[in-house]
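What follows is one structure encoded as structure tokens, with my remarks underneath.
The values are calculated or read from the model by the stated rules, or taken from the named source; none is laboratory data. The shown structure was predicted, so the numbers you read here are calculated from the model rather than taken from an experiment. As a convention, Cβ positions derive from the backbone with ideal geometry for all residues, glycine included, and neighbour counts pool all protein chains shown. For accessibility, only protein heavy atoms count, side chains too; no ligands or nucleic acids. Shrake-Rupley method; radii C 1.70, N 1.55, O 1.52, S 1.80 Å.
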Amino acid sequence: MKMIKEAWDISDIEIKEDVNLSRFTTIRLSASGTIVLVKTETALAQLICLFRKKSIPYHLVGWGANQVLISTQNTVFIKLAFELNAQELSKSKSEYYLPASVPLNILTSHASKFGLQGWEVFTGIPASLGGAIYMNAGTALGEIGSLIKSVSIMTIDGQIRTHIVNKDSFSYRENHFVKEGEVILSAIMIHKGLNTEIKEKIKEYLTFRKASQPLTTFNCGCVFKNYDQKHKAGQFIDICGLKGLSVNGLSVSHKHGNFIENQNNATSEDFSQLIDALKFELELHSGIEFELEAKVY
Ligand SMILES: Cc1cc2nc3c(=O)[nH]c(=O)nc-3n(C[C@H](O)[C@H](O)[C@H](O)COP(=O)(O)OP(=O)(O)OC[C@H]3O[C@@H](n4cnc5c(N)ncnc54)[C@H](O)[C@@H]3O)c2cc1C
């Protein structure tokens, strides 16, 4: 979609019109569309208000590690490129003020260096902080929601509100406070004390992840949510013999059944076809309707 001319007058944004969007998601599906990189909160407020006034649909892309973009022709994608104040991570503190665009691997390095207990829960998850909060990303060690004190959010009117995290703020791979069209701007993160063993724990967990997940291929992480701790989507895919099932350049990973890998210029249509086939087989053989974890937009 072509960008409206008023948007070109906004400072601190970079408009990429009709570009190949594949590099903005980790599964790298081919799709062309328009994406705007936004450097400041002021610019974001102007952009959102303009889109709202002109009824232009927009959608947030973080690291693109859990997303498949399909509606690329009638939506403008927004990616935050807020600056991280390097001072923030220069020493260990009890609270950190962090922009939504900071990648989690930078936070893992900080946790490893200073031994921040609790931060090991997001070891190896490719994500921006905003995307991780939105998804309540986590591993077998825990979820990021347990480390968030408050979240600063831009409303659809371009206003800023603060959500103080409480026991109902998060559940498995979900937040319950970001409304449709709102944007996570930043968060205050806490930890659970200092512990010199965290560095080793992070190292061990990274080794475990490398052995059990296809971390070096083009994929979007787990495609389905686990039904519960006993009914894991990946295990059912394995039991049903669905590993390796392919549609054009897209295949179910041999390493982990809940991952779909783009091996050769696959498209979003290929993704939809493969998902439909998997859902059908899974429901037939397990009786469970597994819900998608990956966000298809
Ligand atoms: C190899 C691999 C391994 C993975 N392993 C794990 C794992 O162990 N555990 C796990 O939980 N996940 C895992 N994932 C999935 C993914 O890393 C997480 O879901 C992560 O939280 C996504 O963050 P993101 O920044 O990429 O968000 P995106 O995928 O870009 O977006 C996810 C959702 O968040 C919304 N969003 C993003 N940023 C904002 C914002 N600032 N404001 C409002 N909404 C926003 C998007 O619109 C979208 O709906 C893995 C993915 C890959 C590719």
Handout entry: Mean separation of Cα contacts under 8 Å (6+ apart) over length of segment 62-214, as relative contact order %
Key = 26 percent
Handout entry: In sequence order, calculated HN-Hα J values of segment 228-244 (Karplus, 6.51, -1.76, 1.60; Hz; x Gly/Pro)
Key = 7, 4, 8, 10, 9, 4, x, 5, 5, 4, 5, 4, 6, x, 9, 4, x
Exercise for the section: Over segment 1-153, average the accessible area per residue using a 1.4 Å probe and give it in Å², no decimals. Expected result: 41 Å²
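With the convex hull built on the Cα atoms of segment 1-89, state its orientation-averaged projected area in nm². Before the final figure, lay out each step's value.
Details: hull surface 25.0 nm².
It is 6.2 nm².
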Problem - R0 of 45 Å, Cβ-Cβ distance residue 197-residue 4: FRET efficiency to nearest 0.05 - result: 0.25
Problem - In segment 6-75, trypsin sites (Lys or Arg not before Pro) in a DSSP loop with at most 10 other beta-carbon atoms within 10 Å - result: 54
Completion exercise
The Cα extents of the chain along the principal axes, largest first and rounded to whole Å, are 53, 51, 32
Practice task
Let me know the Rg and Dmax you get for segment 12-171 when you use only its Cα atoms, in Å.
Solution key: 16.4, 48
Practice task
Please list the non-local residues whose amide H lies under 5 Å from the amide H of residue 149, H modeled 1.01 Å from N, same-chain partners needing a gap of 5 or more.
Solution key: 188, 189, 190
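How long is the gain from residue 230 to residue 86 if the chain were fully straight, where each residue apart is worth 0.36 nm and the alpha carbon distance is subtracted?
Working: separation 144, 0.36 × 144 = 51.84 nm, distance 4.24 nm.
My answer for the length gained is 47.6 nm.
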Fill in the blank from the handout: Going residue by residue through segment 37-47, the Karplus relation 6.51 cos²θ - 1.76 cosθ + 1.60 with θ = phi - 60° gives ³J(HN,Hα) values, rounded to whole Hz and with x marking Gly or Pro, of 8, 10, 9, 9, 5, 4, 5, 5, 4, 4, 5
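Listed highest first by mean packing, meaning other Cβ atoms within 10 Å per residue, what order do 190-200, 150-160, 109-119, 250-260 come in? Provide the component values of the computation, followed by the final result.
On the way: 190-200: 14.3, 150-160: 16.6, 109-119: 19.5, 250-260: 22.0.
Descending mean neighbour count gives 250-260, 109-119, 150-160, 190-200.
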Handout entry: Fraction of accessible area attributable to carbon and sulfur, segment 184-297 (%, probe 1.4 Å)
Key = 50 percent
Exercise for the section: Could you work out the relative contact order of the chain, using alpha carbon pairs under 8 angstrom and six or more residues apart, expressed as a whole percent? Expected result: 18 percent
Fill in the blank from the handout: The alpha-carbon center of segment 182-235 and that of segment 81-96 are separated, in whole Å, by 22 Å
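About its Cα centre, what dipole magnitude does segment 1-149 give when the only charges are +1 on Lys and Arg Cβ and -1 on Asp and Glu Cβ, stated in debye to the nearest 20?
160 debye
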Problem - Cut-off under 5 Å, modelled amide H: who pairs with residue 32 long-range - result: 21
Exercise for the section: Could you run the Karplus curve 6.51 cos²θ - 1.76 cosθ + 1.60 with θ = phi - 60° over segment 127-142 and give me ³J(HN,Hα) per residue in whole Hz, x for Gly and Pro? Expected result: 5, 8, 4, x, x, 5, 5, 4, 8, 6, 4, x, 10, 4, 7, x
Handout entry: Pairwise centroid distance, computed over Cα atoms, of segment 147-174 with segment 31-62, Å
Key = 20 Å
